[in-house]
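The values are calculated or read from the model by the stated rules, or taken from the named source; none is laboratory data. Everything quoted here is computed from the prediction, not taken from an experiment. Don't worry about glycine lacking a Cβ; one is built from the backbone with ideal geometry, like all the others, and counts go over all protein chains shown. Heads up: the accessible areas ignore ligands, DNA and RNA and are worked out on the full protein's heavy atoms, side chains in. Shrake-Rupley method; radii C 1.70, N 1.55, O 1.52, S 1.80 Å.
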Amino acid sequence: MESAVTSLEYLANEGTTSQAPGSLRSSSSHHSPYAILPPVPYQNQNVVRPVATLPAILDRDQRSGYLLDMIYGLIPEEVAGRRLSSLYLMGQHHGAWHVLHGPSFGTELKAFYRLDPTTRRNETDPAWLAVYLMVLVFGLQDATPTEASALFPHLAPVEIPRLPSALYQASRFALEVAKWDSVPQIRHIQAALLYFPFLFHFGFGAEESSQALHHLSSAISAAQWLGLDRISSSDPSTVPTHDLAFLDYPFPLVFELCKRLYGHLNFLDGTTSRRPGLWRLSSSSFQNGGGGGSTELPGNYTDEDLMLEPIPKERPTGESTAATVARVGSLFAGTIKMFLSESEGSMRRFSDESRDDDLSYEDELRYDAALRSILDSMPSPLASKDSINWMLVSLYTSVHNRLLRIHRPRMAREISTEAYESSRHASIASAKEIVAAQRLMMECPHLRPGFIKRWILGAALVLTVDLVISIDSGHNPSVLSAKRLDIAQALDIFEQDNPLDRSPATTQQCARTVDALLLACHHRLGARQSGVPPAEGEGLQSFFEAVATAVSSPADVTASTLLWMAVDNSSNGQHPSSLAPHNNGVQSSGPPPHPNYPPHPTSVQMPDFSNFDFSFEGLMTQDSLPVTTPSSSFDFGMFGGWESFGNGMWNGQGQQGQQGQQGQQGSGQGQGNGQQGQAQGHNQGQGQQRMG
């Protein structure tokens, strides 16, 4: 089995190494790059050079044999296979990303292990193996290291951490044997949908995110060939009941499973496109209650409901079922596609090319109403008593992040009108919901996708703007304390100990950023409580310029001192407690103590705001906040959507990044599918991709 893992890793990297594919043959003879040329006779026509043969790995039939040998070398014994499958079906991955029909898969698994081992290979669809191998991947992620080692006794303990990646590669090879690239099939779509969270949500860098998007694209193509975008209950012929995945399935079950698969694809298509207009699936039926194409939304049924005959009445939309994420996600995608396609200005606003054009106020209200109708059609994760559904929490957070992005350009403008007040309150309310939802994930922080850190940070900034306005407006202490607590709760998320964090350096930077904002608010409040009135023109812009002054000053000057100097303009740059002794050397008290932050920390590292636009418009519309570490810098994208993420930074640093955290210096670059990433020092492999 260990040799199978090693061989799979070789195949996965064949094209990136100097070893020739032909070396996988049993023969140890070396083949030159010219081995495929026909034999050339010597001058003496009676003597011919030895005849060369093509590497066996390049012959599709022989390659399939080699691949199946290695794949079956990784398939565990029945007890281990059923245990890992149970961990998956009962765990948080399947519960949140419900790609498979659990009861049907369980039946297929039993049938697989009942087959005669000598004939099992010829009687099993390789595409089913591709799905099963990904079930094993997620089962392993839910197993303890001790249990995982016990389930694979033939593997050395050091190989167990490599096993999920090896199983993923084996799954890809199983699809190759199944000829996914020439035969559209349901199990290819199922496998691709299982690849997506493994690579995109829980991957370690730009390369894996690019692979996830490639798998999604191929799955959408297969779905369109199979007609999943136009299935109809009134025309049974539109449902691909002939597919091997659905043999012996009753029609109502096939119909609902096809709609679920399409709902998942439409969800990802609408929220991970590189920019508006690159969507693969149509949103034409959105206004008729569908999520895209002519396919209806899946019914709100549990897996067990679909096993009954007849299928019972559909459950209320507020009840979480196996179809919830596919339903709500497809509606969300349809909303995004409809509103970002209607307005050229809105497309520019949510694309990389420009962010100068806002939606009209009327369009904002319509977009707001559509997003809130999605919230009304989904169970609130904040009210759920069930186990945490990480994808539902992420989806809920994503909708509120869209609402925040709609309203934030207006919230800080010094204009007192009903429209601006409404936008300010809406933006603040969504920021609080983002923080509250992500605090739920503190029970399982390893399931929080890395790019969501961006949304939490954006929410914290909006809450900071609200607190600064309240400080300058002289609101009572209880109001200020409550608002400060909202920001501190975001800081708690970043400061939580998470040994499985895939991007710890980014988490630390987020924590330092929120820490700096709280510290600046603390000193601003101290100035107001000391009776120092706001200087002329001192507003939000002045506040963030104060932070910029603090973080761009020499390291031997404390951040607290610099913030006081910058915020308290009337002191002419003198901090009463640390720089300007009075009369007999007695220093004034300075700002009141903050419960969490000492007034004079010896070392505070803060974000680099030196290239950040601190104007009201810039603050509310830009998507980049640079943050500096002692030996490197990388770009914070503060206001992304579900569709915005920084590969190699938000999802994880990857191997190079982990080396960087240990102090190794260097630089790396990754790119793929329109993505480009680069970084130096501690954070290598940074990338940024704007989606949707």
- request: For the range 81-139, report the accessible area per residue in Å² (1.4 Å probe, heavy atoms, rounded to an integer).
  value: 36
statement: Taking 422-428, 245-251 and ranking on average Cβ neighbours within 10 Å, highest first, one gets 422-428, 245-251
query: Just how large is the dipole of the range 148-252 about the Cα centre, in debye to the nearest 20, putting +1 at every Lys and Arg Cβ and -1 at every Asp and Glu Cβ?
result: 100
- line: If the chain between S360 and Y249 were fully extended at 0.36 nm per residue, the gain over the current Cα-Cα distance would be 35.0 nm
task: First measure r as the distance between the Cβ atoms of S530 and T317, then evaluate 1/(1 + (r/R0)^6) with R0 = 51 Å and state the FRET efficiency to the nearest 0.05.
output: 0.45
task: Give me the percent of the accessible area of the range 107-181 that comes from carbon and sulfur atoms, probe 1.4 Å, all protein chains in place.
output: 55
task: Just order 520-526, 304-310, 500-506, 472-478 by mean Cβ neighbour count inside 10 Å, highest at the front, would you?
output: 520-526, 500-506, 304-310, 472-478
task: Order these peptides, 328-340, 131-143, 102-114, 431-443, by their mean beta-carbon neighbour count within 10 angstrom, highest first.
output: 328-340, 131-143, 431-443, 102-114
statement: For R172 the rounded accessible area (nearest 10 Å², probe 1.4 Å, non-protein molecules ignored) is 90
message: Quick check for you: with a 1.4 Å probe and neighbouring chains kept, what is the accessible area per residue of the range 188-262, in Å²?
response: 35
statement: For the pair H214 and A429, the simple spin-label estimate (label points 7 Å beyond Cα toward Cβ) gives in nm 4.5
- request: Putting +1 on Lys and Arg Cβ atoms and -1 on Asp and Glu Cβ atoms, find which of L244, S233, A206 reaches farthest to the positive end of the dipole of the range 203-257.
  value: S233
- request: Could you please state how large a percent of the accessible area of the range 423-533 is carbon and sulfur, counting protein chains only and using a 1.4 Å probe?
  value: 53
- request: Take the cross-link list K110/K313; K179/K337; K385/K483; K259/K337 and give me the ones stretching past 22 Å between alpha-carbons.
  value: K110/K313; K179/K337; K385/K483
query: Can you work out the FRET efficiency for the pair R121 and S86, with r the C-beta to C-beta distance and R0 = 30 Å, to the nearest 0.05?
result: 0.80
- prompt: Roughly how many Å² of C444 are accessible to a 1.4 Å probe, to the nearest 10?
  reply: 10
statement: With every protein chain in place, the accessible area of D235 for a 1.4 Å probe, in Å² rounded to the nearest 10, comes to 60
- prompt: What accessible area per residue comes out for the range 376-503, rounded to a whole number of Å², with a 1.4 Å probe?
  reply: 35
statement: Toy charge model, Lys and Arg Cβ at +1, Asp and Glu Cβ at -1: the range 383-443 dipole around Cα centroid in debye, rounded to 20, equals 160
Total formal charge among the other residues, if their Cβ is under 15 angstrom from that of V177, Lys/Arg +1 and Asp/Glu -1: 0
- prompt: Distance from the Cα centre of the range 163-213 to that of the range 87-115, in angstrom?
  reply: 17
